[in-house]
1. Here are some residues: A:Val275, A:Val265, A:Val301, A:Val282. Which one is closer than 24 Å to A:Phe229 by Cα and modelled with pLDDT under 85?
2. Hey, any hits in segment A:133-154 for a residue that's in a loop (DSSP other than H, G, I, E, B), within 13 Å of chain B (Cβ to nearest Cβ) and more than 22 Å from B:Phe194 (Cβ to Cβ)?
3. Considering each of B:Glu80, B:Glu38, B:Glu54 in turn, give the residue that is touching a strand residue (DSSP E or B) at 6+ places or on another chain (Cβ under 6 Å) and surrounded by 10 or more Cβ atoms within 10 Å (Cβ to Cβ).
4. Within segment A:297-340, can you find the residues that are surrounded by fewer than 12 Cβ atoms within 10 Å (Cβ to Cβ) and in contact with a helix residue (DSSP H, G or I) (Cβ under 8 Å, 6 or more places away or on another chain)?
5. Filtering segment A:106-134 down to residues that are modelled with pLDDT under 85 and of a type in the set (Asp, Glu), which residue is surrounded by the most Cβ atoms within 10 Å (Cβ to Cβ)?
6. Which one of these does A:Ala124 not meet: (1) farther than 30 Å from A:Gln201 by Cβ; (2) within 14 Å of chain B (Cβ to nearest Cβ)?
7. For A:Thr157, work out the one condition from (1) of a type outside the set (Asp, Glu); (2) within 14 Å of another protein chain (Cβ to nearest Cβ); (3) under 23 Å from A:Leu9 (Cβ atoms) it doesn't fulfil.
8. Mind checking which pairs have a first residue in segment B:37-65 that is part of a helix (DSSP H, G or I) and a second that is of a type in the set (Val, Ile, Thr), Cβ under 6 Å, 6 or more apart or different chains?
Amino acid sequence: MARITLSNLAHSYRPDPVSDADWALKELNLEWDDGGAYALLGPSGCGKTTLLNIISGLLTPTHGRVLFGDEDVTQLPTEKRHIAQVFQFPVVYDTMTVYDNLAFPLRNRRVDEATVRAKVAEIAEMTDLTSMLNRRASGLTADGKQKISLGRGLVRTDVNAILFDEPLTVIDPHLKFQLRSKLKELHNRIANTMIYVTHDQTEALTFADKVVVMNVGEVVQIGTPEELFETPQHVFVGHFIGSPGMNVIPCDVENGAAFIDGVRVATANEADAAVTKGELGVRPEFVTFSNDGLEARVVKVSDAGRFSIVETVCHGKPVKLVAPEGAPIPSETTRLAFKPDNTRIYVDGWLAGARGAA
Amino acid sequence: MNKTVNHKAWFFVLPVLLLVAFNAIVPLITVVNYSVQETFGDNVFFWSGIAWFEDVLQSPRFHAALGRQLAFTFTILVIEVPLGVAIALAMPRKGIWVSVCLVLMAMPLLIPWNVVGAMWNIFALPEIGLLGKTLNSLGFDYNYTRQPGAAWFTLVMMDVWHWTSLVVLLAYAGLVSIPDAYYQAARIDGASPFAIFRYIQLPKMKRVLTIAILLRFMDSFNIYTEPSVLTGGGPGNSTTLLSIDLVKIALGQFDLGPAAAMSLVYFLVILLMSWIFYTLMTRNEEN
């Protein structure tokens, strides 16, 4: 087990990357602490799987280095890296029994049979496969097969990290929850570094202590679920995480303060004095109806159970807000207040004053 | 739900029924008819019961031909299946070379069978053929028109050249359908190349290989055109396979009764062996 460091890592699937768009993964630096539970979250095609495959050694990065502890493993083949990986589609060895499947990684590493037996029994217990050990693996359901894939990762004692590449995609919804809790439980038990790739925010936020949000080949924010929700570093994070996502409203900026059609909006941060255009980011949870503030018109109310999602048009821009169940919702014109502590100015997509701000 | 009952739809089946009747059922029944009768010409037939079948089953000539046939089929299967799988494994999976390889592989399959026979006939001639001349100038005494061993060697080589491609193409189709994740998982699990072959590639190719073996078995058991052009069953009777012998009896000697009985036995042997093989190969999948 070791800390995993990615330094100046970048990857392109083309032999001669020129433009920005040629890079599947733009240059990044990341550190994964030993024993952490991480999620890599982002839409399809954002480079999550590329990053994962670089860590496991299935891909060699175009440049940059991968370090396990202090050892540079960039050129080391997969089988020498002590990495386990679970794929989107369950991979089982059809002709073998469940037992042989679980024993396979150990037997390939010439572990003696007595140890294999003990280890397989232990892992089968953890993954609820004990009763099926003598069955042919091909006869199992998708979640059973995925448990085998997971078990093959867990059975090894030499593993630096277990990587999950959208492992619950093909699992029935009612089993997803079970398997996810199982993963969390396993993480608590064996305290291995786990990196979980997904495009599903619920999976990411419930599994991970720290979430790495990616978009078009770059890491936009790393943080705890709370940080991602409370202080998105980029409008993408605000939009991608949370349901409904953060409101992003174009605004004018004067001397660092935000104005919408001449009305000053109080914000938690200030933009650079030179900036004239920006965007206001405020989550629907922090927008309320009020007597003064910005004028708005209610266009649609949808009931989401314990709260309602109200869609309004505020100075020509759509703004959503979340109203508690039973709260009076004004019809037609009203005014909106944004909670200043949770309203932020973004410039070119990035949080003003933070990285990337002009 | 009330279904409309309309038996007129059966008329649509009629054309196919007629076609099958005239190209399969009627000829087969004719053969059955010949096999239980004796004729001395002039279209006069006498009932002979199962006498011809007894004759065929006890005939040393039939036994010899069946033995040669089994030996031939076994030999080419033993060569073509592993060789085909090996070539398929060695073929590229991506890039422009895929098409090049596929076209090269398909080429022998596109050549008319009698042309294949003629090609090898000339290719292997000891005085002028490339193969025959080369072998002889290397010091081998090779003459397939006189030596049974050389005739067999040429025959087997020809079939391997002609038909290994079929096994290659089927095995290749099986190989490319394996998702990348299997290979990646195998690398993560530290599997050796042999383990990858044994536990991933071979099981995934099992279905297509079953079909390949079945096709090669049936085709090689029926083979007529190429050996008939290449050796004509000689030298002597050394390469007289079942079909060649059958044609000799039916058309050379015009013994319709024994030939018909032999055809039926021949047909049943193929059917029985195919059925046994297929049942054995698919039985494991059910449990």
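The values are calculated or read from the model by the stated rules, or taken from the named source; none is laboratory data. From a predicted model like this one, the values you see are computed outputs, not experimental measurements. Neighbour counts are summed over all protein chains in view; Cβ atoms, including those assigned to glycine, are modelled from backbone coordinates with ideal geometry.
1. Numbers: A:Val275 fails: closer than 24 Å to A:Phe229 by Cα; A:Val301 fails: modelled with pLDDT under 85; A:Val282 fails: modelled with pLDDT under 85.
Unique residue meeting the criteria: A:Val265.
2. Yes: one or more hits.
3. It is B:Glu38.
4. none
5. Filtering segment A:106-134 for residues that are modelled with pLDDT under 85 and of a type in the set (Asp, Glu), the one surrounded by the most Cβ atoms within 10 Å (Cβ to Cβ) comes out as A:Asp128.
6. (2)
7. (3)
8. Correct list of pairs: B:Val56/B:Val265; B:Phe62/B:Val56; B:Ala65/B:Thr240.
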